[in-house]
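To start, the structure itself, in structure tokens.
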Amino acid sequence: MTAVKPQDRQQAAPQRAGVGERMRDWVAAGGLKDRTVLLLVLIVVLVVAMTILDAVGVTRAEFNSDYLASSLIAYVPLALLGIAQLFVITSGRGGIDLSVGSMVSLAGIVFAMLFQQTGLPMVVSIVLAVLFGALLGAFNGFLSAYLGFPPLITTLATFYGYRSIALVVSDQKPISGPEISEFYNAAKAIELPLIGQTLPLVPLGVFTFLLPVAVLAWFVLNRTAYGRSLYAIGTNDTAAQWAGIDTRRTRMTAFVTAGAISGFVGVYTVAQFASARPDAGTSGGGMALPAITIAVLGGVAITGGIGRLSGVLLAALLIVWLNASILIVVPGNDGAQAQLLALGLVLLGAALFGQLSLRRRRAAGAPTTVVPVVRSP
């Protein structure tokens, strides 16, 4: 056995210290300014903190991997609606959609009526519900992009309108039946193949609803002319017009996309609750404000032109696990109120962080975003 020389130990010590120094230099240089890295750090901090609280007996229920995995059933709809807000907010000019929760409720009712009451095949009913959601989004987009109504006012008005229609059509009662009860299997927790015995059960909706939409959204935003056009109009509307981009059509398509995703979420809520609830997307605090919070927390600039899918997905995970953590620490109705308080604080913090990052980039002379060159046909 070869002995370690004293000089070798002396050389190894600076190398080990060098790792810590490089980490400190990375943080000092702005490594945590990257939204994806920051969100990962926050998720780890949350899990570690809750694990400690669980160990000392502060939590009312056991905080473990099974509990975190079960909370993913709420992650699917919020992540999807965060993606919907990503499209709308990135389009710029005050783009925002407050009606996504109402569209979820109304599309869920339409799906249940088609599937349960008319007897249409499940796949056909899902497609029609998504198309119906796209139609609702098209109405928002037409008012905002073509008639020039402010998106905030437009979608606030349609929020009330779509919610009222959902309540009237359903007679203010959930729609249920044998077919819908069986549809619950589309969202139930399952054991993953091959590695399922070592991991907790994961909701099937993560793979059947969220994953396909996330992959498609990533492709559209990063690999298509439409994605480049969307970022361009959000960055500089006038320059995009000079580049030959139809800004109104591009912006309206963002609202149509948000509507289609909301329709898909409406279908998911039917599976999640084993019934079509007319208030599925509007009960409590609703789904719109959490979705907007997720988008902003995920790095989507409220001014438009900036936003990444990875940030939105991680922000949704952070919000869902934060809500789940609050519920096992704060009892009763106080827990729900604490969730709303936390949501508001997170939104303010995310907006402040975004503004500070933007100012630092401008002060440093760095571009705030990359404006793609889009050639006119």
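What follows is calculated from the coordinates using simple rules that are stated; it is not laboratory data. Only a predicted model underlies this, so the values are computations on that prediction, with no experimental measurement involved. Neighbour counts are summed over all protein chains in view; Cβ atoms, including those assigned to glycine, are modelled from backbone coordinates with ideal geometry.
Let me know the whole percent of all Cα-Cα pairs from region 59-116 that are separated by more than 19 Å. Intermediate values should be presented prior to the final figure.
Working: 890 of 1653 pairs.
Everything past 19 Å amounts to 54 percent.
Going by C-beta contacts inside 10 Å, put E179, E62 in order with the fewest on the left. Please list the in-between numbers first.
Working: E179 14, E62 9.
By the 10 Å Cβ count, ascending, the order reads E62, E179.
Taking neighbour Cβ counts within 10 Å as the exposure measure, how do R308, R60, R251, R223 sort from fewest upward? Each step should come with its number before you reach the end.
On the way: R308 19, R60 13, R251 28, R223 10.
Lowest count first: R223, R60, R308, R251.
Decide, for region 98-222, between rounded, prolate and oblate: order the square roots of the alpha carbon gyration tensor eigenvalues as a ≥ b ≥ c, take rounded if a/c falls under 1.5, and otherwise choose prolate if a/b is larger than b/c, else oblate.
Numbers: a/c = 2.37, a/b = 1.40, b/c = 1.70.
It is oblate, given that a/c is not under 1.5 and a/b is not larger than b/c.
Between rounded, prolate and oblate, where does region 21-179 land on the alpha carbon gyration tensor, with a ≥ b ≥ c its root eigenvalues, rounded for a/c under 1.5, else prolate if a/b exceeds b/c?
Details: a/c = 2.76, a/b = 1.46, b/c = 1.89.
Because a/c hits 1.5 or more and a/b fails to exceed b/c, region 21-179 counts as oblate.
With a/c under 1.5 counting as rounded, go ahead and sort region 122-169 into rounded, prolate or oblate using the C-alpha gyration tensor (a ≥ b ≥ c being the square roots of the eigenvalues; past the cut-off, prolate if a/b is larger than b/c, else oblate).
Details: a/c = 4.02, a/b = 1.56, b/c = 2.58.
Here region 122-169 falls in the oblate category.
Across region 121-136, in residue order, what do the Karplus-derived ³J(HN,Hα) couplings come to in whole Hz, using 6.51 cos²θ - 1.76 cosθ + 1.60 with θ = phi - 60° and x for Gly and Pro?
Rounded to whole hertz, the list is x, 4, 4, 4, 5, 5, 4, 5, 5, 5, 5, 5, x, 4, 5, 4.
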